[in-house]
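Engineer: If you scroll down you'll find the structure; I have some questions about it.
Derivation of every value follows stated rules applied to the coordinates shown; laboratory data play no part. Bear in mind the structure is a predicted one, so any value in this text is a computation, not a measurement. Here Cβ is always computed from backbone atoms with ideal geometry, including for glycine, and neighbour counts include all displayed protein chains.
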Amino acid sequence: MAGKRSTKPRVAIVGAGNLASALTVALRGAGYSIDEIISRAQPSSLRRARTLAREVGASAVSVAQAQLSADVVWFCVPDAVIAGSAAVLANDANWKGRVALHSSGALTSDELAPLRQRGASVASVHPLMTFVRGSRPSLAGVSFAIEGDPKAVRVAHAVVKNLRGHAFPIRKNQKDAYHAWGMFASPLLTALLAATERVAAAAGVPRTAARARMMPILNQTLANYSRFGAPPSFSGPIARGDVATVAKHLKILGKVPGAREAYVALARVALRDLPAKNRPALEKLLS
């Protein structure tokens with residue numbers, strides 16, 4: 001008896017970077033057929049595309065060689081080139097009735113306007129996740145912000161469900177704030193951790209050792225935040241209203257480039273948003 005034919009749409013991926021790699025492998029694992037990995041013609045780009053294509057049983061092609069026969073074309077390229085990539089591919093296929101997606105957190109579905117004008121239904125589909133070289137995170141449990149044309153949004157919701165992610169709607173005028181939220185959740189948190197390593201060095205702890213020694217308190221802080229939220233998870237001298245200790249911190253951090261400024265900015269956030277004793281005295285000290 002012949003096996004049941006998959007009803008999932010065939011997908012082509014434009015790009016072969018960190019996000020494209022994680023998404024492509026996740027899609028293949030969820031039962032999607034990947035037709036093409038479409039990349040720039042530069043040798044380094046094509047090498048990455050061929051490596052990814054071999055992993056998922058797809059073809060690796062340059063933009064000029066793309067067949068574009070897939071049902072869904074998903075753009076996983078830098079924000080600055082999404083619109084240009086769409087314009088280049090707009091005349092290379094019949095887009096009527098097909099779906100085009102991009103995964104920018106900051107830009108709206110209108111970046112794909114050249115394809116919409118050719119008959120495609122378009123949407124922006126952004127996973128709230130960080131993608132760096134050497135890491136390929138699972139997309140299970142990840143939230144995806146989606147906005148765009150009704151058909152493309154329906155397709156995107158089905159894909160996210162099959163990836164075991166969580167789709168939620170976002171309006172075009174909310175995307176700047178959404179992307180800033182993501183910036184706080186990961187890149188700026190990483191910047192804070194980098195500053196933390198410099199403070200550890202001032203305490204005589206080398207960077208590698210500091211990272212290892214911080215992991216238990218970092219993990220517990222995130223566990224507390226996940227379980228209780230921010231206010232009940234807040235501890236330390238500001239929560240206790242220990243003005244003398246905060247003053248000592250400010251004095252020593254003046255010797256660590258950038259650390260005092262970060263401390264003061266975050267301490268002011270804490271005084272505004274989190275429980276703290278001796279608030280007037282702390283505000284005066286931090287002013």
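Engineer: Check each of the trypsin sites (Lys or Arg not before Pro) in segment 1-84 and keep only those in coil by DSSP with at most 11 other C-beta atoms within 10 angstrom; list them in order.
Structural biologist: K4, R5
Engineer: Another question, then. Pairing the Cα long axis of helix 175-185 with the longest principal axis of the chain, what angle in degrees results, from 0 to 90 and rounded to the nearest 10?
Structural biologist: Between helix and principal axis, roughly 50 degrees.
Engineer: With a cut-off of at most 11 other beta carbons within 10 Å, and DSSP calling the residue loop, which trypsin sites (Lys or Arg not before Pro) in segment 215-287 qualify? Please list them.
Structural biologist: Here the sparse-neighbourhood loop sites are K255.
Engineer: Still on this structure, please answer the following. Tell me, how many Å apart are the Cα centres for segment 90-135 and for segment 155-227?
Structural biologist: 25 Å
Engineer: Give me D for the chain in µm² s⁻¹, whole number, from Stokes-Einstein with Rh from the Kirkwood sum over alpha-carbon pairs, 37 °C and 0.692 mPa s.
Structural biologist: 151 µm²/s
Engineer: Oh, and also: Taking other Cβ within 10 Å of each residue's Cβ, how do R118, R98 sort, fewest first? Write down the numbers at each step before the final one.
Structural biologist: Details: R118 18, R98 23.
Arranged by neighbour count, lowest to highest, R118, R98 become R118, R98.
Engineer: Show that you can apply the helix-only estimate: for the chain, add -39,500 (n - 2.57) for every DSSP H stretch of four or more residues, divide by all residues, and state [θ] at 222 nm to the nearest 500.
Structural biologist: My calculation for the chain gives -15500 deg cm²/dmol from helical runs alone.
Engineer: At a threshold of 8 angstrom on Cα-Cα distance, excluding pairs fewer than six apart, so keeping six or more, what relative contact order does the chain reach in percent? Before the final figure, lay out the partial values.
Structural biologist: On the way: 431 pairs, mean separation 32.0, N = 287.
Computed over the chain, the figure is 11 percent.
Engineer: Can you tell me what share of the DSSP beta bridges in the chain is antiparallel? A percent to the nearest 5 is fine.
Structural biologist: Numbers: 5 of 29 bridges.
Roughly 15 percent of the beta bridges in the chain run antiparallel, per DSSP.
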